[in-house]
Amino acid sequence: MSNAVLADRARAAAGGAQTMALLALWLIGVTLAINYGVSTFRLVANSEIGSLLDVLRAVGPHLITLLPAAFYLSALLHLRRALSAFEAGQFFSTPSAHAVRRAGEDATLGLLAQIAFVPTLIVWVRREAPIAIDFELVDLALLAFLAFIAVAGRVLDIAVAVKVENDQII
């Protein structure tokens, strides 16, 4: 199979994956807006609000749980950018390399937020414990995989730099 055929298949796969990433972004965004908007309104409406601090105490833990979703949405945006570059045939470009790296980093941060940051912040807000970690074994495997994607993005950055340097020599 020729390189041109392989490149065409890779571009087509990137286009399909980009569509899936865009659909996921849209669905997650709408779901978060509806779920958190309605439930936050209910929390505030059903709470005895005396001050702004009371509002923050009522809504704070609820809003803290948005942190992983924010990182995941950012990761999906970067993934979409990388896939868009791949679809355009820019496999070894600075924008695609940065987008892959950022997607991996943001997804890793999202998982760390889900495992450690959110549980710890919630127990701090509720004044229950000094630290909390909530993970399953599959989270560790996912963390390793996401870290690999971030590292692959850094390797792609280096590959792009080497390609640019080689192109200048030729």
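The values are calculated or read from the model by the stated rules, or taken from the named source; none is laboratory data. Computed from a predicted model, the values in this text were never measured in an experiment. Counting neighbours? That spans all protein chains shown, and the Cβs are built from the backbone with ideal geometry, glycine included.
A few notes on this one:
- Residue 157 vs. criteria assigned to a helix (DSSP H, G or I) and among the acidic types (Asp, Glu): yes
- Candidates 43, 6, 25, filtered to the one that is surrounded by 15 or more Cβ atoms within 10 Å (Cβ to Cβ), modelled with pLDDT under 90 and of a type in the set (A, V, I, L, M, F, W, C): 43
- When restricted to residues that are of a type in the set (Ser, Thr, Tyr) and out of contact with any helix residue (DSSP H, G or I) (no Cβ under 6 Å at 6 or more places or on another chain), the range 103-158 contains 1.
- Test: residue 158 is modelled with pLDDT of 90 or more and in contact with an Asp or Glu (Cβ under 9 Å, 6 or more places away or on another chain): no
- Filtering the range 76-120 to residues that are in a helix (DSSP H, G or I), in contact (Cβ under 8 Å) with a residue 40 or more places away in the chain and either surrounded by fewer than 18 Cβ atoms within 10 Å (Cβ to Cβ) or of a type in the set (Ser, Thr, Tyr) (or both) leaves 77, 84, 94, 96, 108.
- Residue 58 among the hydrophobic types (A, V, I, L, M, F, W, C), modelled with pLDDT under 95 and surrounded by fewer than 14 Cβ atoms within 10 Å (Cβ to Cβ): no
- Exactly one residue out of 112, 143 is of a type outside the set (Phe, Trp, Tyr), under 15 Å from the mean Cα position of the chain (by Cα) and farther than 30 Å from residue 56 by Cα: that is 143.
- Some residue of the range 42-56 being in a helix (DSSP H, G or I), of a type in the set (S, T, N, Q) and farther than 24 Å from residue 154 by Cα: yes
- No other residue among 33, 21, 7 is of a type in the set (Gly, Ala, Ser), under 23 Å from the mean Cα position of the chain (by Cα) and under 22 Å from residue 157 (Cβ atoms) apart from 21.
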